[in-house]
1. Among 79, 167, which comes first, then next, by fewest other beta-carbon atoms within 10 Å?
2. What ranking of 114, 143, 160 emerges when the number of other C-beta atoms within 10 Å of each C-beta is taken as an exposure proxy, fewest first?
3. Please arrange 73, 100, 164 by counting, for each residue, the other beta carbons lying within 10 Å of its beta carbon, fewest first.
4. Give me, ordered by chain and number, the residues 5 or more places off residue 133 or on other chains with an amide H under 5 Å from its own placed amide H.
5. Under a plain spin-label model, where a point goes 7 Å from the Cα along Cα-to-Cβ, how far apart in nm are residue 152 and residue 127?
Amino acid sequence: MSENPLEPIFKTFQRISNSIQTQLFSFTGLAIHPSPSNEKPLLSLSPSNKPNSSYPTDISAKGKASQPVTKEDLGRSTWTFLHTLAAQYPEHPTRQQKKDVKELMTILSRMYPCKECADHFKEVLRANPVQAGSQAEFSQWLCHVHNVVNRSLSKPIFPCERVDARWGKLDCEQRLCDLQGTTTFGDDI
């Protein structure tokens, strides 16, 4: 059985998520308590890294008891993921990488947890087909599409000439954050 073509994206997203959590917990002074892999990590405000009975044991990064994710939180997280992916996208992608990123956008438009958002994204993609011939092209396309969505929500428009400053490449040692992908003969065009 072949590997899921989105596997490298999911792995990169997991590394990004873990890095962000580590930095956030380091910054806020919250401690991560190991938990089984099928559960969310438990956080504590206790400086000794031991749960304190005066605090809830399941606390979000904002310090509130956990609640279901809001549509707005989901949207912000999705855009952060997509812009980070675009920043890491290769300047000279393979045919497979171009195909994968287009397929990812199509999958998002079908599987996004908010049906209203997914349906709107389908319309946006129809009017603005994915442009992924290079890192710069994909980043600019994504910024434009994000602004289309922002306009529909009456949110401010982001100046796309500043997209690299806002969502630049991750600072990872030895290029460990670069998108990994298989290159087959004749795939680099």
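1. Values: 79 17, 167 22.
By the 10 Å Cβ count, ascending: 79, 167.
2. Details: 114 13, 143 22, 160 16.
Neighbour counts put them in this order, fewest first: 114, 160, 143.
3. Numbers: 73 13, 100 20, 164 16.
By the 10 Å Cβ count, ascending, the order reads 73, 164, 100.
4. Amide H neighbours of residue 133: 138.
5. In this crude spin-label approximation the distance works out to 0.8 nm.
Since every read-out is calculated from the coordinates, none of them should be taken as a lab result. Since we're looking at a predicted model, the values are computed, not measured. All Cβ positions, glycine included, derive from the backbone under ideal geometry; neighbour counts span all protein chains shown.
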